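Trainee: Take a look at the following structure, please.
The values are calculated or read from the model by the stated rules, or taken from the named source; none is laboratory data. Please read these numbers as outputs of a predicted model, since none were measured by experiment. Every residue, glycine as well, gets a Cβ built from its backbone with ideal geometry; the counts of neighbours run over all protein chains shown.
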Amino acid sequence: MKDYYQILGSATNAAADDIKKAYRKLAIQYHPDKNPGNDLVAIHFKEINEAYTVLSHPAKRKKYDEERWLSGMSSRSKQQKAITPDWILTESKKLAEHMSRIDTYRMSHIALKEYVLLLLSDSHLAVLVHYNDRDTDRMIVQYLLKACSVLEYKSMLEIAPACIRLVGNDVNIVQLINEQLKQHRIQDLRRTYMPVLLVVVAILVCLMIYFSGRNLH
């Protein structure tokens, strides 16, 4: 479920006038006419309009608030923060630090993949592209790669393209992404074929013991 309050950077109890002010500010900032040829910004502009369409209509807003409450989103924070490069960077850093402290074998790898893809969504990438802060983009990808070190290769195949879209011109970071993909591929091959290799080795050892015993007789 999309968080329309976060998209507009408004509080959940914001007045109608405040919602309108927040919308107008973002609509001017992300209008396609000011960002020609940028598909990501166009997508984000569409989401801004979608959020305002719902939150500016009393009945639609009430229905949305009820659905939002039921989904548990409102329990995260009474005051939602606007989507900015600093917010995305902070969330990426928090995720990497969290992953370094927990038992990764007991966690949900699917949930981790989905959250990383959320941080790298088209809407978020549009904000990052608009601000064009290459250092921030680079750090975001580095933190997310660190957080994703436990994921399987097939999950990384979904995440890597979004990372490359963000830092496509940074040769060093692209190389880092490809290197991590390679490592995940190797890990997956080991997990797949190691049991087979162990069985083959065990059979060979048993055969050696068997024929050695026969030769002794």
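Trainee: Of a type outside the set (Lys, Arg), modelled with pLDDT under 80 and surrounded by fewer than 16 Cβ atoms within 10 Å (Cβ to Cβ) - does that describe any residue in the range 128-141? First the steps, then the outcome.
Mentor: Filtering the range 128-141 for residues of a type outside the set (Lys, Arg) gives 128-133, 135-137, 139-141.
Cutting the leftovers down to modelled with pLDDT under 80 gives us none.
No, there is no match, as no residue in the range 128-141 is of a type outside the set (Lys, Arg), modelled with pLDDT under 80 and surrounded by fewer than 16 Cβ atoms within 10 Å (Cβ to Cβ).
Table: residues versus (1) exposed (fewer than 14 other Cβ atoms within 10 Å of the Cβ); (2) modelled with pLDDT under 90; (3) not in a helix (DSSP H, G or I).
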{"site": "2", "(1), (2), (3)": "no, yes, yes"}
{"site": "5", "(1), (2), (3)": "no, no, no"}
{"site": "20", "(1), (2), (3)": "no, no, no"}
{"site": "24", "(1), (2), (3)": "yes, no, no"}
{"site": "28", "(1), (2), (3)": "yes, no, no"}
{"site": "41", "(1), (2), (3)": "no, yes, no"}
{"site": "51", "(1), (2), (3)": "no, no, no"}
{"site": "54", "(1), (2), (3)": "no, no, no"}
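Trainee: Still on this structure, please answer the following. Please note which helices (runs of 4 or more DSSP H) are completely contained in the range 121-207 and include at least 2 residues that are without any contact (Cβ under 8 Å) to a residue 60 or more places away in the chain and more than 25 Å from residue 39 (Cβ to Cβ).
Mentor: The qualifying helices (runs of 4 or more DSSP H) are 134-147, 153-166.
Trainee: With the condition kept exactly as written, say whether any residue in the range 186-203 is at pLDDT below 90, within 30 Å of residue 7 (Cβ to Cβ) and surrounded by 13 or more Cβ atoms within 10 Å (Cβ to Cβ). Walk me through it before giving the result.
Mentor: Filtering the range 186-203 for residues at pLDDT below 90 gives 186-203.
In the following step, the residues that additionally are within 30 Å of residue 7 (Cβ to Cβ) were identified as none.
No.
Trainee: I'd like the full set of residues that are part of a helix (DSSP H, G or I) and aromatic (Phe, Trp, Tyr), limited to the range 83-120.
Mentor: 87, 115
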